[in-house]
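The values are calculated or read from the model by the stated rules, or taken from the named source; none is laboratory data. Keep in mind that what you see is a predicted model, and the values were worked out from it rather than measured. Quick reminder, even Gly has a Cβ in these numbers, built from the backbone with ideal geometry, and neighbours come from all protein chains shown.
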Amino acid sequence: MPRVRRGRREDLEDIVRLELECFASPYPPAFISYMLKSSTHTLLVCEVSGVTVGYAAGRIEGSRGHLLSICVSKRHRRRGLGRMLLKAMEEELKKKGAEEVYLEVREDNHAALSLYASAGYRQAGRIPWYYEDGCPAIVMRKSLKRMQAEPPQPPQADRLPPHLA
Ligand SMILES: CC(C)(COP(=O)(O)OP(=O)(O)OC[C@H]1O[C@@H](n2cnc3c(N)ncnc32)[C@H](O)[C@@H]1OP(=O)(O)O)[C@@H](O)C(=O)NCCC(=O)NCCS
């Protein structure tokens, strides 16, 4: 059974591995390490049989959440894990006060564009020459205002609500 949980410092190596596998311009380990310690950042990892196969990073920016990164290891794609990570990140950012989530995605990243569109994200802008190779970014946003609040959970260090675990 896949489960999503909050990232811990010990997850650094796995997250670096995923960034290297999934992105042409991966985040440097120092930035991931910083995000793991930062109170304004949320890192979630997705595990299958105890192995980390995906992760997502987000940041709270006032009343907005910013999805910074999301990826799933190639051999575990198209099994709903990306969608699961995205939903869990939205719930975490909402708990931290986000009324909406926004993100940038490469204009040629059809898999991610399709994931976001099917999860309710809509195009909010386009930034030419955003990526190093000159590819434009599509800015997408989604309001979280109508998202159902989670029932209160007992405090636990790094666990998400049971339906996500
Ligand atoms: C984008 C990514 C995270 C999706 O992860 P995933 O676990 O494969 O996604 P899911 O299985 O949850 O798919 C959810 C939906 O996304 C869309 N989708 C995912 N992969 C797709 C693909 N290759 N082609 C078209 N649509 C795709 C579909 O709408 C899919 O729903 P469906 O399976 O019911 O058709 C994954 O492809 C990835 O890690 N890509 C590399 C990193 C990346 O580009 N991240 C996004 C940066 S903005």
Next on the checklist: Regarding segment 4-23, can at least one residue be identified that is closer than 17 Å to ILE138 by Cβ and modelled with pLDDT of 95 or more?
Outcome noted: yes
Quick count over segment 43-63, residues being closer than 20 Å to GLY97 by Cβ, within 16 Å of the ligand (Cβ to nearest atom) and of a type outside the set (D, E, K, R), is 5
Note on segment 102-114: residues under 18 Å from VAL72 (Cβ atoms) and in a strand (DSSP E or B) are LEU103, VAL105, ARG106
- Message: Condition (residue is surrounded by 21 or more Cβ atoms within 10 Å (Cβ to Cβ), away from the ligand (no atom under 15 Å from the Cβ), modelled with pLDDT of 95 or more and not β-branched (Val, Ile, Thr)) applied to segment 64-82: is it met by at least one residue?
- Response: no
Of the listed residues (GLU47, GLU99, GLU104, GLU92), the one being in contact with a strand residue (DSSP E or B) (Cβ under 9 Å, 6 or more places away or on another chain), farther than 29 Å from MET1 by Cβ and buried (at least 17 other Cβ atoms within 10 Å of the Cβ) is GLU104
Just checking, does segment 104-113 include any residue being under 20 Å from LEU44 (Cα atoms) and in contact (Cβ under 8 Å) with a residue 40 or more places away in the chain? yes
Across segment 83-114, the tally of residues that are among the aromatic types (Phe, Trp, Tyr) and near the ligand (Cβ under 7 Å from one of its atoms) stands at 0
